[in-house]
1. With a cut-off of at least 3 residues that are more than 25 Å from the chain's Cα centre (by Cα), surrounded by 19 or more Cβ atoms within 10 Å (Cβ to Cβ) and not assigned by TED's automatic domain parsing to the domain that holds residue 659, name the helices (runs of 4 or more DSSP H) lying wholly within the range 44-117.
2. Report the residue count in the range 270-284 for those that are within 15 Å of the chain's Cα centre (by Cα) and on the phi < 0 side of the Ramachandran plot.
3. Considering 618, 592, which residue is more than 22 Å from residue 88 (Cα to Cα), free of Cβ contacts under 8 Å to residues at least 60 places away in the same chain and under 22 Å from the mean Cα position of the chain (by Cα)?
4. Among the residues of the range 684-712, what is the count of those that are outside any loop (DSSP other than H, G, I, E, B), under 30 Å from the mean Cα position of the chain (by Cα) and in contact (Cβ under 8 Å) with a residue 12 or more places away in the chain?
5. If you go through the range 572-585 one residue at a time, how many are surrounded by 15 or more Cβ atoms within 10 Å (Cβ to Cβ) and either out of contact with any helix residue (DSSP H, G or I) (no Cβ under 7 Å at 6 or more places or on another chain) or assigned to a strand (DSSP E or B) (or both)?
6. Which of the following residues is modelled with pLDDT of 95 or more and over 18 Å from residue 656 (Cα atoms): 591, 533, 616, 583?
7. Do we have residue 177 as out of contact with any helix residue (DSSP H, G or I) (no Cβ under 6 Å at 6 or more places or on another chain), exposed (fewer than 14 other Cβ atoms within 10 Å of the Cβ) and either more than 30 Å from residue 45 (Cβ to Cβ) or in contact (Cβ under 8 Å) with a residue 12 or more places away in the chain (or both) here?
8. Does the range 491-514 contain any residue that is within 22 Å of residue 113 (Cα to Cα), free of Cβ contacts under 8 Å to residues at least 60 places away in the same chain and either surrounded by fewer than 23 Cβ atoms within 10 Å (Cβ to Cβ) or outside the structural domain of residue 631 (by TED's automatic domain parsing) (or both)?
């Protein structure tokens, strides 16, 4: 049996059910004249003698002009476009200028989605200022200068006045004594903050308290809240009025996965008649896979039950909504559900995850349905309690928790029965200490869903990145996102890589093998240490596994300390943004990173003079998603390595290489410590995507003489 749709358990939802009620939908034929003149206008703006060069004194970039014209044509014709623009093309300006003109002229909303916070900040604090300056200086562009922007974030990031008032009124039933001061701090902050955004509160709030006051609760709705009383409703008003809405991929695909889009007979991605640009689009398939599936965890369920009722402990009083308004029967139902939850997840930990962190579930009813009856009873009991409450915030709050109980029950039932035949299911340990147990599901192939949600919406949608192709072909990416047959263009970076980049490849590096793991680790320690200390500037060392990162870090830390070199590790020394800031600030630091550090890190100048690739970035073929995709590929007569693994690795390799040269005058060295690039047949494809085709081989024996890195 196939599930009709994955159960959604999204903690940060923007809530598009009600904010657009009553908002007029732009006509599909509005301002047709704009569609006709937009390409000509954009072509003039980006021409060698156009206003960008003449008035803003920006450098003319032919590649940028080509992209801007392609974007203008796609938007004006309501057509999809895939556009790869190499580093230095200036792609954000190439889509923002035509997009803003089109949005204001047609009164249609312009949606820009990115993967990283860094790109959002660049757009908000730099690129939009350039656009506004241009519109202000040119009389013919004056009509567009007052465009309005809004940042769309999940509702769980906002303080809700209604829920804050509820929490203060019922604080003795909701919070232990040691959390009362935190509630008071939030109440004081609510009087001074302009936005009510979680990110602005320093230090951040206790999550146990924030759970009760943020806008991601059913009591926060249009009946109980207004823009004057709720920061979330205030933000929604700004979103409604915006010409440009900026969002991140995670929230966008959480919304799309939950079915938040216009009616099928109305064009648009999220809102009626909107159009969209998805930057950093190489991440789209993975993020869509994450958000079109389910994640149900022991931590999440226990937090939900605790919000209903937490039994008194030593020196602590009972807490939760049912501590105030529930009967002893209600509270007993929660206790039984909590006991069943503990047993259910402990059984998984002991039977499936004792020796492994992740296990795929291949057979129906792979675990006992210990939670089915307790959650069903709790859902019924909460329904009975709701019938005794008057309409208002308290009833809405309890009803929202009841709906979450239902979602967990349905989600767990679907996971145990493997309800979606086109999904893969697994259970894993998650969290910093690997103590939380999560049930996961994901679609094996998201292309059909992406085609429906992006490319068949009868509106302009542009997917762009510095790396969409595995080389010169985007066919693999197009197949993954359901964009087969759509227009695809590619322009290369204008940077002079031949002059500014030097490539070294270790020809004697042991090829990865479980039998030679110790030798392999010793080699990595020795060569990473040598290559990093050879550089006067900073080095980014990219790994494909945390195990290799940690083991290498242990081996080199003492040597780096002796040389007084700042040394940072992902997962130990701060967030990705903080580590990138330190790398830039220190000038000669060494940063070890994996996975997320292959993309999105932007550190110009000598602070990043070397990128070391320790391994070619092949995905782990034993992960349940990769395994299921490989099975589907083989069943269709294909080769998983050729059609899936290699294209993904080539794109990620290009992303890693792209961390080095970020500005026109940057110089530096790429060092590759994986000899498979020289000795395996597929290595030629990795060599072919290097922006600097000339490279130098070196070994441990001759590295002192041969390894002469290029530095500023």
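1. 62-76, 91-106
2. Total meeting the criteria: 6.
3. The conditions single out 592.
4. To start, the set of residues in the range 684-712 that are outside any loop (DSSP other than H, G, I, E, B) comprises 684-688, 696-698, 703-706.
Retained after the next criterion (residues that are under 30 Å from the mean Cα position of the chain (by Cα)): 685-688.
If we keep only those that are in contact (Cβ under 8 Å) with a residue 12 or more places away in the chain too, we end up with 685-686, 688.
Matching residues across the range 684-712 total 3.
5. 3
6. Details: 591 fails: over 18 Å from residue 656 (Cα atoms); 616 fails: over 18 Å from residue 656 (Cα atoms); 583 fails: over 18 Å from residue 656 (Cα atoms).
Selected residue: 533, the only one of 591, 533, 616, 583 that is modelled with pLDDT of 95 or more and over 18 Å from residue 656 (Cα atoms).
7. Values: out of contact with any helix residue (DSSP H, G or I) (no Cβ under 6 Å at 6 or more places or on another chain): yes; exposed (fewer than 14 other Cβ atoms within 10 Å of the Cβ): yes; either more than 30 Å from residue 45 (Cβ to Cβ) or in contact (Cβ under 8 Å) with a residue 12 or more places away in the chain (or both): yes.
Judged against the criteria, residue 177 is a match.
8. Within the range 491-514, none of the residues are within 22 Å of residue 113 (Cα to Cα), free of Cβ contacts under 8 Å to residues at least 60 places away in the same chain and either surrounded by fewer than 23 Cβ atoms within 10 Å (Cβ to Cβ) or outside the structural domain of residue 631 (by TED's automatic domain parsing) (or both).
The values are calculated or read from the model by the stated rules, or taken from the named source; none is laboratory data. Please read all numbers here as calculations on a predicted model, not as lab measurements. Backbone-built Cβ (ideal geometry, glycine too); neighbour counts: all protein chains shown.
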